[in-house]
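Trainee: Mind looking over this structure? Questions follow.
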Amino acid sequence: MKSKRTYVDASVLIAAFRGEEKVMERALKVVEDPNRTLVVSNYLRLEVLPKPTFHGMQEELEFMKNILDNAADNVSTSDKLTKTALNLASQYDMTPIDALHVAAAVVAKVDELVTMEKPTKPMCRVTDIPVVSIHSDAEATR
């Protein structure tokens, strides 16, 4: 079985480390799935590394670095990614950081983007790639 190339946004990694029990379980199920190949980006690094670094939260920092450093692919910033993000943000009324995450996933040609965002959020309306919300138990079982 071919592994599913999966881009996770910051909400999934943060939930995997410090979410409430059920939320953490849903996030870890994605992050630790042996049938997934994780794809990350410099924007994901920017979202999950500075706070634990600044506040000396070593365990969280090591958790995040381990996932980021062992990802199959890291999407760097580029003019193409920025242009894609600008188009996505304008089309779907997304926040800039969400647009950058979706654009990174699009540029990397992932099989899906997984988020903890509610399915009603603009990010989840994108049609350029499959976006899966694991915000609740019902969505997580899809």
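The values are calculated or read from the model by the stated rules, or taken from the named source; none is laboratory data. Because the structure is predicted, anything quoted here is derived from the model rather than measured. Note that we place each Cβ from the backbone using ideal geometry, even for glycine, and neighbour counts take in every protein chain shown.
Trainee: When only residues in segment 1-21 that are modelled with pLDDT under 95 and part of a helix (DSSP H, G or I) count, which is surrounded by the fewest Cβ atoms within 10 Å (Cβ to Cβ)?
Mentor: Among residues in segment 1-21 that are modelled with pLDDT under 95 and part of a helix (DSSP H, G or I), the one surrounded by the fewest Cβ atoms within 10 Å (Cβ to Cβ) is 21.
Trainee: Of the residues that make up segment 71-92, is at least one closer than 17 Å to residue 14 by Cβ and either in a helix (DSSP H, G or I) or not acidic (Asp, Glu) (or both)?
Mentor: yes
Trainee: Quick check on my filter: what residues within segment 42-61 are surrounded by 13 or more Cβ atoms within 10 Å (Cβ to Cβ) and either farther than 17 Å from residue 116 by Cβ or of a type in the set (Val, Ile, Thr) (or both)?
Mentor: Step one: filter segment 42-61 for residues surrounded by 13 or more Cβ atoms within 10 Å (Cβ to Cβ), giving 42-49, 51-53, 57, 60-61.
Scanning segment 42-61 gives 42, 45, 46, 48, 49, 52, 53, 57, 61.
Trainee: With respect to the numbered conditions (1) touching a residue at least 60 places away in the same chain (Cβ under 8 Å); (2) touching an Asp or Glu at 6+ places or on another chain (Cβ under 9 Å), which one is the sole condition not fulfilled by residue 109?
Mentor: Exception for residue 109: condition (2).
Trainee: Which one is surrounded by the fewest Cβ atoms within 10 Å (Cβ to Cβ), of the residues in segment 22-41 that are among the charged types (D, E, K, R) and not in a helix (DSSP H, G or I)? Explain how you work it out, then say what you get.
Mentor: We begin by selecting, within segment 22-41, every residue among the charged types (D, E, K, R); these are 22, 25-26, 29, 32-33, 36.
Pick out the ones that are also not in a helix (DSSP H, G or I) and you get 32-33, 36.
Numbers: 32: 11, 33: 14, 36: 19.
Filtering first and then ranking leaves 32.
Trainee: Could you list, in sequence order, all residues of segment 112-122 that are touching a residue at least 40 places away in the same chain (Cβ under 8 Å) and either closer than 14 Å to residue 95 by Cβ or of a type in the set (Gly, Ala, Ser) (or both)?
Mentor: 115, 117
Trainee: Out of the residues in segment 62-113 meeting the condition of being polar (S, T, N, Q) and more than 25 Å from residue 24 (Cα to Cα), tell me which one is surrounded by the most Cβ atoms within 10 Å (Cβ to Cβ).
Mentor: Pass one, segment 62-113, residues polar (S, T, N, Q): 66, 70, 74, 76-78, 82, 84, 87, 90-91, 95.
Next cut, more than 25 Å from residue 24 (Cα to Cα) only: 76-78, 82, 84, 87, 90-91.
Values: 76: 10, 77: 16, 78: 12, 82: 13, 84: 20, 87: 14, 90: 10, 91: 14.
My answer is 84.
Trainee: Oh, and also: Within segment 31-51, work out how many residues are touching a Lys or Arg at 6+ places or on another chain (Cβ under 7 Å) and in contact (Cβ under 8 Å) with a residue 60 or more places away in the chain.
Mentor: The qualifying residues number 1.
Trainee: How many residues does segment 106-142 contain that are within 18 Å of residue 35 (Cα to Cα) and either at pLDDT below 95 or in a helix (DSSP H, G or I) (or both)?
Mentor: 3
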